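The values are calculated or read from the model by the stated rules, or taken from the named source; none is laboratory data. As the structure is a prediction and not an experimental result, all values here were calculated from the model. Cβ placement follows ideal geometry from the backbone for every residue including glycine, while neighbour counts extend to all protein chains displayed. Just so you know, the surface numbers come from the protein's heavy atoms only, side chains and all, with ligands and any DNA or RNA stripped out. Shrake-Rupley method; radii C 1.70, N 1.55, O 1.52, S 1.80 Å.
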Amino acid sequence: MNVEFLLEEESAEEALRLLLPGILPDHVTIQTYVLSGKTRMLNTLPQRLAGYSRWMPADYRIVVAIDRDQDDCQALKERIERIISTAGLVSKTASGADCYQAATRIVVQELEAWFLGDMHALRAAYPRVPAGLEKQRSYRDPDAMRRPADVLLRILKGAGYYEDSKELPKRETARNIAPHMEPARNRRASFQCFHALLTDLAK
């Protein structure tokens, strides 16, 4: 089995590079490709996926992972599903079975929400982050957080990290947090949906 992950940004690639080997077995070959931003990703997907459809063997899978940001989650997924179908590929959603070629996973809202869904991993990477933060009302529901990257930067600044940064160093935080993540304890629904797909690919 060979799986290609088509990603929006380099921080997602950093996170998956560290997460996937612990989830997928050795017989699954992994490749990741960053398509340099959401707009470019959506614009280049039709041609890229059409190219795959001309040569993909039966043991090949494509996973499109993209941030929702401020888009409507269902509308964004339907757009990508149409791109997959027009390219001549069978999506996991359309097939409803194991005989699919491509799968769509929406990261709601941003990748950093996955990190906020595992506060144990966050504290392992940044030990000065206070314990019990996830019990506070503002952080209790990671699916309800707006602008997770900003929330994560605020938490880290409050703990004495990146105090002079105006933006979250996304690749660095992904590199630091991802090795400590445990899928079973992540409270983020979109992460559990992504993990369920990986579990399916590992069969």
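Below, the figures for the structure above:
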item: Cβ pairs under 6 Å, 6+ apart, first in segment 9-22 and more than 8 Å from ARG171 (Cα to Cα), second assigned to a helix (DSSP H, G or I) and open to solvent by 40 Å² or more (accessible area, probe 1.4 Å); result: LEU18/PRO179
item: Close pairs from segment 172-196: first free of Cβ contacts under 8 Å to residues at least 60 places away in the same chain, partner open to solvent by less than 60 Å² (accessible area, probe 1.4 Å) and aromatic (Phe, Trp, Tyr), Cβ under 9 Å, at least 6 apart; result: GLU172/TYR162; ASN176/TYR126
item: Long-range neighbours under 8 Å by Cβ, at least six apart or interchain, first residue under 11 Å from GLY158 (Cβ atoms) within segment 117-135, second at pLDDT 90 or above and surrounded by fewer than 14 Cβ atoms within 10 Å (Cβ to Cβ); result: ARG128/GLY160
item: Considering residues of segment 134-159 that are in contact with a Lys or Arg (Cβ under 8 Å, 6 or more places away or on another chain) and not acidic (Asp, Glu) only, the residue farthest from PHE191 (Cα to Cα); result: ALA159
item: Search result, residues across segment 123-166 that are open to solvent by 60 Å² or more (accessible area, probe 1.4 Å), in a loop (DSSP other than H, G, I, E, B) and at pLDDT 90 or above; result: PRO127, ARG128, PRO130, ALA131, GLU163, ASP164, LYS166
item: Matching option when the condition is within 24 Å of MET1 (Cβ to Cβ) and touching a Pro at 6+ places or on another chain (Cβ under 7 Å), among ILE106, ILE83; result: ILE83
item: Residues satisfying the stated conditions in segment 168-203, i.e. of a type outside the set (Val, Ile, Thr) and touching a Ser or Thr at 6+ places or on another chain (Cβ under 8 Å); result: LYS170, ARG171, ALA174
item: Failed item, numbered, when ALA184 is tested on (1) in a loop (DSSP other than H, G, I, E, B); (2) open to solvent by 80 Å² or more (accessible area, probe 1.4 Å); (3) hydrophobic (A, V, I, L, M, F, W, C); result: (1)
item: Yes/no for PRO179 being over 20 Å from ASP69 (Cβ atoms) and assigned to a loop (DSSP other than H, G, I, E, B); result: no
